[in-house]
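Before any comments, here is the structure.
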Amino acid sequence: MFENLSDKLNKAVKTLKGQGRISDINIASTIKEVRRALMDADVNYKVAKDVTDRVREKAIDRKVMIAVEPGQLFVKIIQEELTELMGGQAQSINLKGSPAIVLIAGLQGSGKTTFSGKFANYLKKQGRQILLVACDIYRPAAITQLQVLGEQIGVDVYAEPENKDAVSIAQNAIAHAKSKGKNIVIIDTAGRLAVDEVMMKEVENIKKAVTPSEILFVVDSMTGQDAVNTAKTFNERLDFDGVVLTKLDGDARGGAALSIKNVVNKPIKFISTGEKMEALDVFYPDRMASRILGMGDVISLVERAQQAFDEDEAKRLNKKMRENKFDLNDFLTQLEQIKKMGNIKDLMGMIPGVGSQIKDLDISNDSFKPIEAIIRSMTPKEREKPDIIDGSRKKRIAAGSGTQILQVNNLLKQFDQMRSMMKKVNQMQTTGKMKSFK
Ligand code: GDP
């Protein structure tokens, strides 16, 4: 996400970063390049101009030219301005009411249903009781889609396939939620391919009938400026509370994320970055600005990990590592948990300095496949004690997993190195050399 913008901004500030002294001339040309980078990312001209004008003013105000590290300070100023542009602080979701009612609106194909599932999954992990409601009375497939997602994440789904009145479905669902002791009701509404009066009226009616504590507008970031225009229309009718930007994993430009707050004056609250139920992040403007500038977003990465990793499982693995009993079964479990966190390339992009370097590499979750196949072709005993894997076993494992003996050797070698590293860390911890890491 945002690869092109990150690339261009990094190029723009690179010359400044390397310089001890900065002149008026190179500041002016850098600002011009920053503005062009924003416009190429689909940010509207006026917004791009306002941002860069403020960057210039701040640069003068804070005496960038005579700062100790002028380049760094300049980047910091851009980071602050991008943060402001995207809304400043992260905004919370209003979940007041019993049950709290969240209405999800947006065009068809924007990712509403997928987001409803992800959001339910996210809230469920916080220990809430959720009811998902399928209010699409036009497309039976939409109901099935929500039911499949509900099943996958273990959340109940309410639907009335025969009922053609969306308002009454929503009302019945709320009564049902109360009787079942649910805390939160998430209503997934019908969408159309384009803004249309009947659809707008229907969502408006649902809003009136159920008075949601939170209305979230879902929009596909890949539609660029159209996303911003659709947001404007929905906001005029629904006066929604927040925006969910989807498909940011596919949008290299990111203009919607940068302009939407400025145009509709409603904050982005979540970003969706893939089809997996875990690929959802709370939107933090400052973290996103850092990410755009190639400064990484380690905090979001850690949060994703915390969501994906089963706590008991993590404790169990940790204990095994400490006791030097970590085996290939555990390694496989870990790989599975990492994959649950979402797209690997996207995750690596959150690591400072890594984003721009991996953008042309072909890394996908499939890269793990041969490793998994190799481990799965081993017997339980082999997975526990890889040392017993001799030549003939290697041959069998390679044949069974459809790989080469060389790949089996590499995996065993890497696993061995990993184990000896764990052992060293353990020894250092017990001898007190790494107390602060405990
Ligand atoms: P709805 O019509 O608004 O309910 O949209 P859906 O939830 O059915 O999503 C439309 C398509 O986009 C589906 O194929 C989803 O799998 C896909 N999709 C949804 N969110 C994302 C996302 O964040 N990233 C990607 N790559 N695909 C997504």
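Restricting region 88-146 to residues that are on the phi > 0 side of the Ramachandran plot and buried (at least 18 other Cβ atoms within 10 Å of the Cβ), which is nearest to the ligand (Cβ to nearest atom)? Checked region 88-146; the qualifying residue nearest to the ligand (Cβ to nearest atom) is GLY111. For region 144-199, a residue qualifies if it is in contact (Cβ under 8 Å) with a residue 24 or more places away in the chain and among the small types (Gly, Ala, Ser), and the qualifying residues are GLY150, GLY154, ALA159, ALA166, ALA170, ALA173, ALA177, GLY181, ALA190, GLY191, ALA194.
Take SER98 and decide whether it is among the hydroxyl-bearing types (Ser, Thr, Tyr) and not in a helix (DSSP H, G or I). When the stated conditions are applied, SER98 passes them.
Residues that are among the polar types (S, T, N, Q) and either in contact (Cβ under 8 Å) with a residue 60 or more places away in the chain or surrounded by fewer than 18 Cβ atoms within 10 Å (Cβ to Cβ) (or both) within region 389-406 comprise SER392, GLN404, listed in sequence order.
Of the residues ILE371, ILE397, ILE363, ILE375, the single one that is of a type in the set (A, V, I, L, M), touching a helix residue (DSSP H, G or I) at 6+ places or on another chain (Cβ under 9 Å) and outside any helix (DSSP H, G or I) is ILE363.
Listed here are the residues, each with its yes/no results for (1) in a loop (DSSP other than H, G, I, E, B); (2) within 16 Å of the ligand (Cβ to nearest atom); (3) assigned by TED's automatic domain parsing to the domain that holds LEU107; (4) touching a helix residue (DSSP H, G or I) at 6+ places or on another chain (Cβ under 6 Å).
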site	(1), (2), (3), (4)
ASN163	yes, no, yes, yes
ALA175	no, no, yes, no
GLY181	yes, no, yes, no
MET222	no, yes, yes, no
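Test VAL75 against the stated conditions and say whether it is in a helix (DSSP H, G or I), under 28 Å from LYS345 (Cα atoms), at pLDDT 85 or above and not assigned by TED's automatic domain parsing to the domain that holds GLY255. No.
Of all residues in region 110-128, those being part of a loop (DSSP other than H, G, I, E, B) and in contact with a strand residue (DSSP E or B) (Cβ under 7 Å, 6 or more places away or on another chain) number 3. Looking across region 224-269 at every residue that is within 13 Å of the ligand (Cβ to nearest atom) and in a loop (DSSP other than H, G, I, E, B), the one that is nearest to LEU5 (Cα to Cα) is identified as ALA252.
Residues that are of a type in the set (Gly, Ala, Ser) and modelled with pLDDT of 70 or more were ranked within region 344-388; the one that is nearest to the chain's Cα centre (by Cα) is GLY349.
Pick out the one residue from PRO380, PRO386 that is surrounded by fewer than 12 Cβ atoms within 10 Å (Cβ to Cβ), touching a residue at least 24 places away in the same chain (Cβ under 8 Å) and within 21 Å of THR333 (Cβ to Cβ). Only one candidate passes the filter, namely PRO380.
Taking ILE143, is it assigned by TED's automatic domain parsing to the domain that holds ALA227, farther than 20 Å from GLY242 by Cα and in a helix (DSSP H, G or I)? Against the criterion (assigned by TED's automatic domain parsing to the domain that holds ALA227, farther than 20 Å from GLY242 by Cα and in a helix (DSSP H, G or I)), ILE143 qualifies.
Does any residue of region 252-260 turn out to be within 21 Å of ASN343 (Cβ to Cβ) and surrounded by fewer than 20 Cβ atoms within 10 Å (Cβ to Cβ)? Yes, there is a match, as at least one residue in region 252-260 is within 21 Å of ASN343 (Cβ to Cβ) and surrounded by fewer than 20 Cβ atoms within 10 Å (Cβ to Cβ). Taking each residue of region 202-220 that is surrounded by 18 or more Cβ atoms within 10 Å (Cβ to Cβ) and outside any loop (DSSP other than H, G, I, E, B) and looking for partners that are of a type in the set (Asp, Glu) and at pLDDT 95 or above with beta-carbon atoms closer than 6 Å, six or more apart or interchain, yields GLU214/ASP241; ILE215/ASP241.
Within region 103-122, residues that are in contact (Cβ under 8 Å) with a residue 60 or more places away in the chain and in the same structural domain as MET200 (by TED's automatic domain parsing) sit with their Cβ atoms under 9 Å from residues that are among the aromatic types (Phe, Trp, Tyr) and in a helix (DSSP H, G or I), at 6+ positions apart or across chains, in these pairs: ILE104/PHE115; ILE104/PHE119; ALA105/PHE234; GLY106/PHE115; GLY106/PHE234; LEU107/PHE234.
The values are calculated or read from the model by the stated rules, or taken from the named source; none is laboratory data. A quick note: this is a predicted structure, and the numbers were derived from the prediction, not measured. Counting neighbours? That spans all protein chains shown, and the Cβs are built from the backbone with ideal geometry, glycine included.
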